[in-house]
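See below for the structure under consideration.
The values are calculated or read from the model by the stated rules, or taken from the named source; none is laboratory data. Please read these numbers as outputs of a predicted model, since none were measured by experiment. Cβ coordinates were reconstructed from backbone atoms using ideal geometry, including for glycine residues, and neighbour counts include every protein chain displayed. Quick note on the areas: whole protein, heavy atoms, side chains included, nothing else; ligands and nucleic acids left out. Shrake-Rupley method; radii C 1.70, N 1.55, O 1.52, S 1.80 Å.
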Amino acid sequence: MSFFPSPLDSPSLRLAWLAGLSKKLLGAGSKNEVLDLIDDALSVPAPGGDQGVLEGLARLYRGQVDQVGSVFDQVDRVARKGLPQVWVGDTSVLASEVVSAAGRSANQMSEAFQGCATVLLTLADAIGDAQRKDEQGRGQLLEQKKMLGGKDGFFDDLHENDEEEWDRKNAAHLGSSAVDLMHDAVSDAQEATRVAARDLNKWAAEARAGKLETSELTAVDKLMLADTGVAGADTELNEILTAGDLTRASARMDLLSLDDEMAMERMLAASDTPQERAYLMKALAAGHSVTEIGQFRDKIHGKDPAWLRRHLSPVVTGADSLKDEGVGPDGSNVNKEDVTFDGQRWIQGGDGSEGTCVASSTVTSRALVDPLYALGLTGGPDGQQDDPEAFRQRLVAEQHRLHTEGDGGKNWGGMGPEGQERINDTTVGSATGTDYDRRDLDSAADRRAVLTDVENAVAQGRPVPVDVKGKGAHAMTIIAQEGDRLQVYNPWGSTTWVSEDDFINGHMGKASSNDLPDAYSVFLPR
C-alpha cells in the first residue's frame, strides 16, 4: 500500500490527498494499483461531529430565548413608567439611561441566543449531510473493491485479458467518482465549520458587558460603557469600545494602584456624556497611563458628542453602507464612505498622490484603536483645533515618519513586508497588546483558510492589514465584519464592504480598483 501522509493533520490536507487519489485512480495501470488507491481513500477519516449533540445544543440556546424575552418585558415596563432623574453607579450615570441600555442588552441577548441556535442547527444539518455523502462514497469504494476481488499475484499481474481490463477501468472510474464524493463531504464540512466559527465568534464578541470583568466597576457602569456608541450613528455598527477594548480595559483597571484607580473613577464620574466616559476607558485599553488619560480628559471634557465623534472616531459606519450598489467603471464599489475630518480625507499623502499606502493604513489603524493618538492628529498639541489644513499637515508628517521607520522606498513609495510588520507591531500592536504575524496567501484555499482568524481579530477590534496585487501592489486594512461581509479601509480615503467570496476569489478590486484584485497576504495579531 502507498504511504499516506497523516490524514488527520487538517481538512485541507485531506482535500488535497483525496483530489490526488481521484486523479490517480483514473490513470491506474493495474488491478493491484486500483485496490491500493481504494484502500488509501478508505483510510481517510470521515467528517467528524455529532449531529445529535449539535441539535441538542441548539435546543438549549433556543430555550433561553423565552426567558430573556421575559426579562426584556420587565425592563420595558420599568422604562415606560417614567424614572426620576437619579444618578446610579460609581461613574454617575442616569438611571433612565441604564434601564434603556438594559432593555437593549436584553434584546441583543435574545438575538444572540436565537442566532447561536440557528448557527448550530445549520451546522448540524451540514455535518449530517457531509457524513451521509462520505458514507455513500465509502460504500461505492467497498463495492468496487469486492467486485475486483483479491490482489493478483506476480504472474497474474503480467497479463490482463479484455474482461479483466474492463473490470479494472470500470472500478477505477467508479472509484474516482466515489472519492470525489468523499472530497465533497470534507469540503462541505470544512466550509460549514468555518461559517459556524465565524458566526459564533461574532456572537461571542457581542456579549460585551461581560468582558468588563473588573471588580472596580459596578454592573451598571459596565452595562453603560459596553452600550455606548458614537453620536448620531447606528450603535451596533459603531460601539466606541470594541470587545477587545473592554477586555483590555478591564485587565488594566485591575492593575492600577489605589490612587490611580480612584483618579480614574473620579474622571469617569465627572464625565458629561456617556461618550466621554467611553473614550476615557478606550484610552485605558490602549495602554495609556492614568496621568496621560488625565491630560486627555482635560482636552475633551465638556465637548459635545458630535465634537468627540469628529475628533476621536475616524471611521463612522453608516447603516446603509452595507448595501450592494454595484461597481463603477474602475471596478470599485459604488457604495463607498469617505473617511474625513472637517472635509479633509484620511488619505495617503494628504491627496492620494504618494505611495505611502502601508504607512497611511497603519496611521489610521492606530487612530481607530487609540483616541489620544487620533486627537493628536485631528486636534493638534492642545487637542482643540478644528482646522482641516493643519490636520492634513500632521497626517502626512505622521505617514512620512512611519514610512521612514518601516524603511519605505524613496519618494514616499513602497515598503517591504518586514517594515510593514514592524510598524504595525510598534504602532498598532502597542495599543492592542499583540504583535502581528504575516500570513502569505498563495491560493483561494489559503484565503479561505485564513478567514476565520481574520474575522475573529476584527470582531475583537484588532485591524488586519491586507496586501493586494495585480497591476502593482497596494496595502489596505480590514477593520470590521458583519455576516459574510468584510469592511475594508483603503488609504485612498474611504471604506467599503466586500464579501468573503470577493476576498477568496480575487475580487478585492471592489475595495480599490480592478487593477488590484488578489489578496496575497494578511498580517494577523497573535
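Below is a table of values for the structure above.
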read-out	value
Index of the failed condition, K469 passing every other in (1) assigned to a strand (DSSP E or B); (2) crowded, with 22+ Cβ neighbours inside 10 Å	(2)
Subset of the range 340-350 (residues that are under 19 Å from H400 (Cβ atoms) and either among the aromatic types (F, W, Y) or outside any strand (DSSP E or B) (or both))	F341, W346, I347, Q348, G349, G350
1 or more residues of a type in the set (D, E) and within 30 Å of the chain's Cα centre (by Cα): qualifying helices (runs of 4 or more DSSP H) within the range 217-333	219-227, 243-255, 274-285
Residue match in the range 389-399 (condition: surrounded by fewer than 23 Cβ atoms within 10 Å (Cβ to Cβ), over 25 Å from the mean Cα position of the chain (by Cα) and β-branched (V, I, T))	yes
Residue selected from the range 277-322 under the condition charged (D, E, K, R) and touching a strand residue (DSSP E or B) at 6+ places or on another chain (Cβ under 9 Å), by the criterion most open to solvent (accessible area, probe 1.4 Å)	R310
Condition broken by S353, with the remaining ones in (1) part of a helix (DSSP H, G or I); (2) open to solvent by 60 Å² or more (accessible area, probe 1.4 Å) satisfied	(1)
Test: residue in the range 364-376 that is part of a loop (DSSP other than H, G, I, E, B), under 25 Å from L280 (Cα atoms) and either at pLDDT 95 or above or open to solvent by less than 10 Å² (accessible area, probe 1.4 Å) (or both)	yes
Complete set of residues in the range 486-526 that are farther than 13 Å from N333 by Cα, in contact with a strand residue (DSSP E or B) (Cβ under 9 Å, 6 or more places away or on another chain) and open to solvent by 20 Å² or more (accessible area, probe 1.4 Å)	W492, D515, D518, Y520, P525, R526
Tally, over the range 446-466, of residues that are open to solvent by 10 Å² or more (accessible area, probe 1.4 Å), of a type outside the set (G, A, S) and touching a residue at least 40 places away in the same chain (Cβ under 8 Å)	7
Residue match in the range 61-81 (condition: out of contact with any helix residue (DSSP H, G or I) (no Cβ under 6 Å at 6 or more places or on another chain), among the small types (G, A, S) and at pLDDT 90 or above)	no
Pairs with Cβ under 6 Å, 6+ apart, first in the range 226-247 and polar (S, T, N, Q), second at pLDDT 90 or above and outside any helix (DSSP H, G or I)	T228/I240; T235/G229; N238/G229; N238/V230; N238/V316; N238/T317; T242/G461
